[in-house]
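Presented below is the structure to which this report refers.
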Ligand SMILES: Cc1ncc(C[n+]2csc(CCOP(=O)(O)OP(=O)(O)O)c2C)c(N)n1
């Protein structure tokens, strides 16, 4: 049986006392248990291991051994109770783990409400033995969800669920448990569950976001009214990407980035050009009228305004930063490796082996991201010594349209392409 299946079947409440005993034995000597349990315990995540550890009680407390049949000493005072409470603890650990794994699948990510996420059996408390009447029951969860419940070690099942839903099932979804290292997973977890990030936006920052958003929306509204019917690949619905780009550039400049190279296809390019790369409005509007702002910059003839690039020097927080948007042909995502290559060249030029002075921001359309193999090829190159750039920021602008592809079909293409194993596909979707 696969280790994951063993976990699912063996770690149920009825087995907790036996498993906790076996786990203690294994912790002392991994070879003293059946090899299948050696594999099982070795593969446990931090959450399950912590609960088994808690189920054992304090390390100094005398306790019975189910396995050796030794006489049971009196129950230890304080700490987690045995029996039913231990079953609850294990069940709540599995529920917490399920929210970290699958919570994003019930996140309300569609502002139009076209796609309402179906309830997942993994997130149903009943799956873990908590029926409607059990939700008010106090359970012991130790430090499992610190600091979500403000350092508490016990609480009601419904309160645990409420804080988990607030983090994982709101308008922000986070899928991170498949990250390769425990350090990466913990980085995401502490930020999502630890930081009070929803409240940490100051009034000044909110005003700045509103200003950037208004500029982005104002530009789209003006073009729509002034150039009716003109092909412009508007950013409608994705205007938030403009304040997001400002935030990313501000943050990066604060950490020493001197050059930001942006790559994107046509959607939102005009808005990015005026609001991020500061291309003069007059230039864009001249191009709408059929003119060319810098004819010498355009190779060949007849290239269109939503293919063109531009660059500028700005000051961010008192530091000079060069921002460039690379031109892109009609071929979606073709610019991705180009922008990463440019960043690498700048770093080499600066003699920057730490790869901290230049950074790529690659903006994708939702359908193009799912369908174009060049995206994955570019990701793969990030690990090659001759090509790595120290990390790029990838932003997917999901306007819920992919030409003739609707978003749910785009996701199918995406999962089928990169996750050929059906069980993993299930995990991702
Ligand atoms: C390589 C390539 N394949 C197909 C097309 C045709 N095409 C143009 S736009 C588009 C849909 C893009 O959808 P999405 O990535 O969601 O971007 P958006 O809808 O925001 O423009 C397609 C398939 C193309 N331009 N380039």
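Can you give the FRET efficiency for residue 138 and residue 289, using 1/(1 + (r/R0)^6), R0 = 56 Å, r = Cβ-Cβ distance, to the nearest 0.05?
Numbers: r = 70 Å, r/R0 = 1.25.
Here the calculated transfer efficiency is 0.20.
Please find the FRET efficiency linking residue 399 to residue 251, where r is the Cβ-Cβ separation and R0 is fixed at 30 Å, and quote it to the nearest 0.05. Present the calculation step by step, with values, prior to reporting the outcome.
Numbers: r = 25 Å, r/R0 = 0.82.
Result of the calculation: an efficiency of 0.75.
Quick check: residue separation of residue 374 and residue 355 times 0.36 nm, minus the Cα distance between them. What number comes out in nm?
Details: separation 19, 0.36 × 19 = 6.84 nm, distance 2.29 nm.
Length gained, residue 374 through residue 355: 4.6 nm.
Provide 279, 356, 383 in ascending order of the number of other Cβ atoms located within 10 Å of each residue's Cβ, fewest first.
Result, fewest neighbours first: 383, 356, 279.
If the chain between residue 281 and residue 29 were fully stretched, how many nm would it gain, using 0.36 nm times the residue separation less the Cα-Cα distance? Intermediate results must be reported in sequence, preceding the final value.
Working: separation 252, 0.36 × 252 = 90.72 nm, distance 7.14 nm.
Taking 0.36 nm per residue and subtracting the Cα distance, the gain is 83.6 nm.
Could you check the spin-label model distance between residue 206 and residue 345? Points 7 Å from the Cα along Cα→Cβ, value in nm.
4.5 nm
In nm, to one decimal, how far is the modelled label at residue 330 from the one at residue 383, with both set 7 Å along Cα→Cβ?
Inter-label distance under the simple model: 3.6 nm.
Read the figures in this text as sums done on the coordinates, not as results from a lab. The structure displayed is predicted, hence computed values, not measured ones. Neighbour counts are summed over all protein chains in view; Cβ atoms, including those assigned to glycine, are modelled from backbone coordinates with ideal geometry.
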